[in-house]
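Scroll down for the structure; my scribbles are underneath it.
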Amino acid sequence: MKTETLHPSFGILVTAENGEHFSDISTEEIQALFNEHRTILFRGFKTDISSFKEFTRLFTGEFSDYKGGGSRWKMIDRKSVGNDKTVMTTTGANQSFEIPLHGEMYYMDTPPEHIWFYADVAPTEGGQTTICDGITLFDQLEEDVKTFFLENQIQYQRFLSDGVWQDTFLTEDAAEAIAFLASKKNIAKYDSKDKSFKVTYNCKPLVKHPITGKHAFINNILYIYMAEWAFTSGWIKGHLNDNTTQSPIIVRLGDGSKIPYSIIESVMKTAAKITYNIDWQQGDLAMIDNTSVLHGRRETVDGVPRNILVRMGDPIHKNTETASI
Ligand SMILES: [Fe+2]
């Protein structure tokens, strides 16, 4: 196999040589590359959905079935592939909008440490997956923005109506959902009259990266901030033909006040300078460190087929706890 740098601050491209298969490469070598570069894009290997599942199992022990996931909302919901709940389509697989950079499932405690993507059908145009190093991002933020995130807690608030929470928590039993939320340090308020949930989760917006010990800006702030805007501005109504004006998830500061737009704008500007586009090729596979690397998606092009599959979970040998700082 051949290796080359993906982006100056993180990531490595591993290309197959002479018809190599995944079974020909050393798991230890790949693990060492991943620990050092935090993102690996595998290209040119003979892949299909079953080799994707087999290969990911060598590194990730327990796969998430997306229980508690925040993108269960109507038409943007993920779908399972085949009969395996841990192999999913990407969020909003059939919508063309751009998805801002985010860490996966940071609105609950202990988000998965690994996220994997597989290009089952690579788009010939648009729809690149974006990735951005949260460690470099924090490092390059304006000083006052850095201070803001070091000093403030954030709060995710979720509103789950009857019918939605059952799909989200994969249960019909409200008590079971409450117990699951408690295990993820989420505070649940269940309204037995209309059978809805309001859920809050306070946490720090930064993560202390388990290997480097550095601050990483990784969370769901940008995605959820823009999602709320999409609902309240009428964008959802205009583009997705839905009359809902309340976003099912919002993000605030720890005291419930709004995050200033100037802060969001500043993070987006800094992130834009260091974001890398994965221009998918058929059969590509990406292994991403969800404790330090954000991902998102460029707008897709109508009529251009795209099927990127996703899996997420914790390392097979989880030796360091991901600590919120
Ligand atoms: Fe995601």
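Nothing in this text is a laboratory measurement; each read-out follows from the coordinates by a stated rule. Just so we're clear, the structure is a prediction, and the values are computed from it rather than from any experiment. Counting neighbours? That spans all protein chains shown, and the Cβs are built from the backbone with ideal geometry, glycine included.
For this structure, a couple of remarks:
- For segment 218-325, trypsin sites (Lys or Arg not before Pro) meeting the loop criterion (DSSP other than H, G, I, E, B) and having at most 15 other Cβ atoms within 10 Å: Lys258, Lys318.
- Put a plus charge on the Cβ of each Lys and Arg, a minus charge on the Cβ of each Asp and Glu, and nothing anywhere else: the dipole of the chain about its Cα centre is then about 740 debye.
- Taking θ as phi - 60° and the Karplus parameters 6.51, -1.76 and 1.60, the scalar couplings of segment 177-187 work out to 4, 5, 5, 4, 4, 4, 5, 9, 6, 8, 9 Hz in sequence order, x denoting glycine and proline.
- Span from the segment 162-215 Cα centroid across to the segment 25-68 one, whole angstrom: 27 Å
- Converting phi to 3J(HN,Hα) with the Karplus coefficients 6.51, -1.76 and 1.60 and the offset θ = phi - 60°, segment 168-175 yields 6, 9, 6, 7, 9, 9, 4, 5 Hz in sequence order, with x at every glycine or proline.
- Shown is the FRET efficiency for Ser23 and Asp167, computed with R0 = 30 Å from the Cβ-Cβ distance and rounded to the nearest 0.05: 0.20.
- For the chain, the residue among Ile30, Phe169, Thr136 whose Cα projects farthest onto the positive side of the dipole built from Cβ charges is Phe169.
- Listed pairs Lys85/Lys318; Lys185/Lys318; Lys53/Lys79 exceeding 18 Å between Cα atoms: Lys85/Lys318; Lys185/Lys318
- 3J(HN,Hα) couplings calculated from phi for segment 290-302 with the Karplus curve 6.51 cos²θ - 1.76 cosθ + 1.60 (θ = phi - 60°) are, in sequence order, 6, 8, 8, 10, 7, 9, x, 8, 6, 3, 8, 9, 3 Hz; Gly and Pro show x.
- Scanning residues 5 or more positions from Val87 or on other chains, those with amide H under 5 Å from its amide H are Val81, with H placed 1.01 Å from N in the peptide plane.
- With a Förster radius of 45 Å applied to the C-beta separation of Asn243 and Lys46, the computed FRET efficiency comes to 0.45.
- Normalised alpha carbon radius of gyration of the chain [divisor 2.2 N^0.38 Å]: 0.97
- Each stretch of four or more DSSP H residues adds -39500 (n - 2.57); spread over every residue of the chain, this sum gives -7500 deg cm²/dmol at 222 nm.
- Cut-off under 5 Å, modelled amide H: who pairs with Lys214 long-range: His209
- Annotation: amide H of Val293 within the under-5 Å range of Gly134, sequence separation 5 or more or interchain, hydrogens built in the peptide plane.
- Restricting segment 119-213 to trypsin sites (Lys or Arg not before Pro) that sit in a DSSP loop and have at most 13 other Cβ atoms within 10 Å of their own Cβ leaves Lys185, Lys193.
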